[in-house]
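Please treat every number below as a calculation from the coordinates, not as lab data. A quick note: this is a predicted structure, and the numbers were derived from the prediction, not measured. Please note: Cβ atoms are built from the backbone with ideal geometry, for glycine as well, and neighbour counts cover all protein chains shown.
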Amino acid sequence: MAKAKRKPLTKKQYALKWFEQGGKCGISKVKMTLDDNIHEDHIVEIWKANEEGKIHWWPTDEWIDVNDPRNIQLVLSSEHLKKTKKDTSSAAKHKRLTGQTKTGPKAKINSPGFKTNRESPWKKKISGSVERRER
């Protein structure tokens, strides 16, 4: 699976996004100034993109590029760090569950173990004791 690459907004896209958001942080809605440390944040995370680098954009029910300006918001760095921490946790869980890491879902170990079916000459009681089945 090819990983989508992060692309920054152009100066024109950045200015349009600033006015579109009314100069407010996309997460906290706090008024930002150009002196603030401002980050570009992907609303739908990059790791959720498919093999072509597309994500499902729910407002218009279409597939768009993960770096489409509609999927990017300007946010204060402090808010971005909080969101990234949460996103990183869910991304790691996704990778574990889909087997993309070495610590993926644990394979079930099939042990020959102790037969407990009816064909076995042994039966196990609720108390934990084992006795020979009467035939």
Exercise. Once both axes come from the Cα atoms, what is the angle between helix 11-20 and the longest principal axis of the chain, in degrees from 0 to 90, rounded to 10?
Worked result: 80
Exercise. Which one of 23, 81, 39 has its Cα pushed farthest toward the positive end of the charge dipole of the range 11-97, where Lys and Arg give +1 and Asp and Glu give -1 at the Cβ?
Worked result: 81
Exercise. Amide H to amide H, which residues 5 or more places from residue 32 or on other chains are under 5 Å from it, using H placed in the peptide plane?
Worked result: 24, 25
Exercise. Hey, what do the phi angles of the range 126-135 turn into as Karplus ³J(HN,Hα) couplings, whole Hz, using 6.51/-1.76/1.60 and θ = phi - 60°, x for Gly and Pro?
Worked result: 4, 5, x, 6, 10, 9, 6, 6, 7, 10
Problem set entry | Label-point separation in nm, residue 37 to residue 82, each point 7 Å along Cα→Cβ | 1.6
Problem set entry | the range 1-79: GluC sites (Glu not before Pro) in DSSP loop, at most 15 other beta carbons within 10 Å | 51, 52
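Exposure proxy check: 126, 72 ranked by fewest other beta carbons within 10 Å? Kindly include the intermediate steps, with their values, before the conclusion.
On the way: 126 5, 72 22.
Fewest-to-most ranking of 126, 72: 126, 72.
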For this session: Can you tell me the 0 to 90 degree angle between the C-alpha axis of helix 77-97 and the longest principal axis of the chain, rounded to 10?
Result: 30
Seminar exercise, completed: For the table 5/54; 7/85; 5/48, the rows whose alpha-carbon distance is greater than 18 Å are 7/85
Exercise. Which parts of the range 59-97 would a label at residue 9 reach, counting a residue when its backbone N lies under 17 Å from a point 7 Å out along Cα-to-Cβ?
Worked result: 65-81
Problem set entry | Of [x] 18.1; [y] 19.2; [z] 17.3, the label for Kirkwood radius over Cα pairs in Å derived from the coordinates | [y]
Exercise. In nm, to one decimal, how far is the residue 132 label point from the residue 48 one, both placed 7 Å along Cα→Cβ?
Worked result: 6.3
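Only four residue types carry charge here, +1 at the Cβ of Lys and Arg and -1 at the Cβ of Asp and Glu. Report the dipole size of the chain about the Cα centre in Debye, rounded to the nearest 20. The partial results should precede the final answer.
Details: 31 positive and 17 negative charges, 251 e Å.
So the dipole magnitude of the chain works out to roughly 1200 debye.
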